[in-house]
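Structure first, then comments.
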Amino acid sequence: MVHGSPDSHVITKQGVEPWMSCVSEETNDQVSFDYYPGGQISKTTELLNAIGSGIADVAPIPIGYASDDMPLNGVSMLPGLGSTATEIVTSYSDTLKSGILKDEFTSNNLMPLAVMAYPPYQVVSMSDKIDTAAAFEGKVLRSAGGAMNLAISELGASPAEIPIGDTYIALERGTADGTISAFASIKPFSLHELMSSNGAFGTFTNVLSMRLDDFNALPSKLQDVVTNCGTRTEEAMANYLDGQVIPLKNNRVDKWNFVT
């Protein structure tokens, strides 16, 4: 198991680690994991290649960073799938069970196990409040890539594909005027120290995935375990994220101007 998120990140604490624990518990510890979190052997932007090259057997694939190989799955990052993480996860997870979106995974030798999606992203700026289309003009906004780039460009701003781990420095140095991020990603990367205002936007999705050849080689009972644990994990994580939105807003209401 490989991923690039910090130890305190929601992907780690509510996604990857609960799924591993679930699989181990359901198999009475007959399944264990060699675990390499926090970019030890692969950065977040390289996780698809990590599975493809055999470095990793399981990893959360960030759709925005894999758009060249799985462009149709970029639909999961667009506004309109839902107003909560639970709604977005349900919509996307259902479509991944069959059809063209799953085909993009299988063509890359991947078996999707669990969808991890944030509540609708926020446009968070360094200074001026971005609450109208005109306010986007001339701004440089950090983007996670894929469909998010198109949306930012259409609004009149310039997208800058910057890994979330490098966003703090980019904002501090003025390389970007703001970012589109989930509340759950703001605090682990200390972005709340710099931010001043925000507005509602799209989202970002990760899909916990196993190498398809490995999945197909598992006994059917073990296949059921890893997929059932995936379903349980994605539901629990979505509920957790939705529960965090209001407290996080209230915690920063003195500093941020929220637009609904």
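Descriptive notes on the structure:
- Selection count, segment 110-135, where residues are aromatic (Phe, Trp, Tyr) and out of contact with any Gly (no Cβ under 9 Å at 6 or more places or on another chain): 1
- Just one of (1) closer than 25 Å to Glu234 by Cα; (2) modelled with pLDDT of 80 or more fails for Ala200. It is (2).
- Any chance Ala50 is crowded, with 18+ Cβ neighbours inside 10 Å and in contact with a helix residue (DSSP H, G or I) (Cβ under 7 Å, 6 or more places away or on another chain): no
- For segment 114-125, the count of residues that are closer than 17 Å to Leu171 by Cβ, aromatic (Phe, Trp, Tyr), touching a residue at least 12 places away in the same chain (Cβ under 8 Å) and buried (at least 21 other Cβ atoms within 10 Å of the Cβ) is nonzero.
- Some residue of segment 74-88 being over 26 Å from Gln122 (Cα atoms) and surrounded by 18 or more Cβ atoms within 10 Å (Cβ to Cβ): no
- Every pair of residues 6+ apart whose Cβ atoms lie under 7 Å, when the first sits in segment 97-112 and is surrounded by 17 or more Cβ atoms within 10 Å (Cβ to Cβ) while the second is among the acidic types (Asp, Glu): Asn108/Asp69
- A residue that is over 21 Å from the mean Cα position of the chain (by Cα), modelled with pLDDT under 80, outside the structural domain of Leu110 (by TED's automatic domain parsing) and not acidic (Asp, Glu) occurs somewhere in segment 182-196.
The values are calculated or read from the model by the stated rules, or taken from the named source; none is laboratory data. Not measured: the values here are computed from a predicted model. No Cβ is skipped: glycine too gets one built from the backbone with ideal geometry, and neighbour counts run over all protein chains shown.
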